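Trainee: Quick one: this structure, given as structure tokens, is what I'll be asking you about.
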Amino acid sequence: MQIRDLNWMQLAEYLKTDDRCVLPLGSTEQHAYLSLCVDDILAERIAVESAEPLGIPVFPVLNYGITPYFRAYPGSISLRVDTYLRVIRDLLDGLAEQGFRRILIVNGHGGNSPASGYVAEWLADHTGCRVKFHNWWSAPKTYAKVLEIDPVASHASWMENFPWTRLPGVTMPDAQKPAVDMDQLRMLPPSGVRDLLGDGNFAGLYQRSDSDMLAIWRVALDETRALLAEGW
């Protein structure tokens, strides 16, 4: 259940019997021909659909992340690392203060990885809490399913092209893009990243069948839901 569908009194009643919640993390950044909000859409959706059968509340996605390398693409907005970690700290502090003791962070953007390291620091000062940091797309079972379908999968390629991340009226290229030189990419300023990447796809096809994508989604849902239900 999403907390936007609850009032504070209903959430207070929930906290009398359960202390779990979900916090999705995303990013607003270029994804080639897909929505600029791919990471927000996917993190929030996987969180909501995973938590719904368990009756666990899901907070709104944090829809800005760490993505300085894409700043030359219009619409790609990046927070500084120190800013981002301060926001994560404030969010976790607020959840803990209100009684949430078991928090699943569902992350949809690889650039947010500094938050994973910060969680360990935060937990050292909040010994009564448990936090799991879940990169949903690269979790073992989900990523194994991706590789089973097509090992050439990357940012802004087919593996992020779900029915709910496509844009109406936008036609995908019928091609498999060669892999970008990642070592070179990591050395470039934002303008150079855009020159090297072009449309923004790192490598691979732009779209696969809906049956392939839904097969990945089912695995991701099961893997995420298991984290909520078990191992606390």
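Trainee: For the list (1) of a type in the set (Ser, Thr, Tyr); (2) within 17 Å of Gly111 (Cβ to Cβ); (3) surrounded by 15 or more Cβ atoms within 10 Å (Cβ to Cβ), I need the number of the one condition that Ser138 fails.
Mentor: (3)
Trainee: Name every residue in the stretch 145-164 that is out of contact with any helix residue (DSSP H, G or I) (no Cβ under 7 Å at 6 or more places or on another chain), loosely packed, with under 15 Cβ neighbours inside 10 Å and of a type in the set (A, V, I, L, M, F, W, C), in order of residue number.
Mentor: Of everything in the stretch 145-164, just one residue is out of contact with any helix residue (DSSP H, G or I) (no Cβ under 7 Å at 6 or more places or on another chain), loosely packed, with under 15 Cβ neighbours inside 10 Å and of a type in the set (A, V, I, L, M, F, W, C), namely Leu147.
Trainee: Output the residue which, of all residues in the stretch 195-214 that are surrounded by fewer than 16 Cβ atoms within 10 Å (Cβ to Cβ) and among the hydrophobic types (A, V, I, L, M, F, W, C), is farthest from Ala144 (Cα to Cα).
Mentor: As a first pass, look at the stretch 195-214 and keep what is surrounded by fewer than 16 Cβ atoms within 10 Å (Cβ to Cβ): 195-196, 198-199, 209-211, 214.
Subsequent filtering for residues that are among the hydrophobic types (A, V, I, L, M, F, W, C) retains 196, 214.
Values: Leu196: 29, Leu214: 14 Å.
The qualifying residue farthest from Ala144 (Cα to Cα) is Leu196.
Trainee: Applying the selection to the stretch 66-96, what residues are assigned to a helix (DSSP H, G or I) and among the charged types (D, E, K, R)?
Mentor: Of everything in the stretch 66-96, those that are assigned to a helix (DSSP H, G or I) and among the charged types (D, E, K, R) turn out to be Asp82, Arg86, Arg89, Asp90, Asp93.
Trainee: Let me ask you something else. Suppose we filter the stretch 1-52 for residues that are in a loop (DSSP other than H, G, I, E, B) and under 11 Å from the mean Cα position of the chain (by Cα); how many remain? Even if it seems obvious, please write down each step before you answer.
Mentor: We begin by selecting, within the stretch 1-52, every residue in a loop (DSSP other than H, G, I, E, B); these are 1, 6-7, 16-19, 26-27, 29-37.
Narrowing further to those that are under 11 Å from the mean Cα position of the chain (by Cα): 26-27, 37.
Count: 3.
Trainee: With the checklist (1) under 21 Å from His126 (Cα atoms); (2) modelled with pLDDT under 95 in hand, flag the one item Val22 doesn't pass.
Mentor: (2)
Trainee: I want to confirm something. Restricting to the stretch 108-158 and keeping residues that are of a type in the set (Val, Ile, Thr) and in a loop (DSSP other than H, G, I, E, B), which single residue is nearest to Leu228 (Cα to Cα)?
Mentor: As a first pass, look at the stretch 108-158 and keep what is of a type in the set (Val, Ile, Thr): 119, 127, 131, 142, 146, 149, 152.
Within this subset, residues satisfying the condition of being in a loop (DSSP other than H, G, I, E, B) are 127, 152.
Working: Thr127: 19, Val152: 30 Å.
Checked the stretch 108-158; the qualifying residue nearest to Leu228 (Cα to Cα) is Thr127.
Each row is one residue, and each column tells you yes or no for (1) under 17 Å from Val131 (Cα atoms); (2) crowded, with 22+ Cβ neighbours inside 10 Å; (3) touching a Ser or Thr at 6+ places or on another chain (Cβ under 6 Å).
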| site | (1), (2), (3) |
| --- | --- |
| Ser35 | no, no, yes |
| Val38 | no, yes, yes |
| Val48 | no, no, no |
| Thr67 | no, yes, yes |
| Thr83 | no, no, no |
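Trainee: Checking Gly99 against (1) on the phi > 0 side of the Ramachandran plot; (2) outside any loop (DSSP other than H, G, I, E, B), which test does it fail?
Mentor: Unmet condition: (2).
Trainee: Exactly one of (1) surrounded by fewer than 17 Cβ atoms within 10 Å (Cβ to Cβ); (2) in contact (Cβ under 8 Å) with a residue 40 or more places away in the chain; (3) among the basic types (Lys, Arg) is unmet by Arg71. Its number?
Mentor: (1)
Trainee: I need the full set of residues from the stretch 155-170 which are out of contact with any strand residue (DSSP E or B) (no Cβ under 6 Å at 6 or more places or on another chain) and without any contact (Cβ under 8 Å) to a residue 60 or more places away in the chain, in order please. Working first, answer last.
Mentor: Going through the stretch 155-170, the residues out of contact with any strand residue (DSSP E or B) (no Cβ under 6 Å at 6 or more places or on another chain) turn out to be 155-156, 159-170.
Listed by number, the residues that qualify are Met159, Pro163, Pro168, Gly169.
Conditions tested, residue by residue: (1) within 19 Å of Cys37 (Cβ to Cβ); (2) surrounded by 12 or more Cβ atoms within 10 Å (Cβ to Cβ); (3) not charged (D, E, K, R).
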{"position": "Arg166", "(1), (2), (3)": "yes, yes, no"}
{"position": "Val170", "(1), (2), (3)": "yes, no, yes"}
{"position": "Leu185", "(1), (2), (3)": "no, yes, yes"}
{"position": "Leu188", "(1), (2), (3)": "no, yes, yes"}
{"position": "Val193", "(1), (2), (3)": "no, yes, yes"}
{"position": "Arg225", "(1), (2), (3)": "no, yes, no"}
{"position": "Leu228", "(1), (2), (3)": "no, yes, yes"}
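Trainee: Right, another one. Does any residue in the stretch 138-154 that is at pLDDT 95 or above come within less than 6 Å, Cβ to Cβ, of a residue that is in a loop (DSSP other than H, G, I, E, B) and not small (Gly, Ala, Ser) six or more places away or on a different chain, and which pairs are these?
Mentor: Partner pairs satisfying both residue conditions: Ser154/Phe202.
Trainee: So, one more: For the stretch 1-22, name all the residues that are without any contact (Cβ under 8 Å) to a residue 24 or more places away in the chain and more than 16 Å from Glu52 (Cβ to Cβ).
Mentor: Applying the first criterion (without any contact (Cβ under 8 Å) to a residue 24 or more places away in the chain) to the stretch 1-22 yields 5, 7-10, 12-13, 16-17.
Asn7, Trp8, Met9, Ala12, Glu13, Lys16, Thr17, listed by residue number.
The values are calculated or read from the model by the stated rules, or taken from the named source; none is laboratory data. Please read all numbers here as calculations on a predicted model, not as lab measurements. Neighbour counts are summed over all protein chains in view; Cβ atoms, including those assigned to glycine, are modelled from backbone coordinates with ideal geometry.
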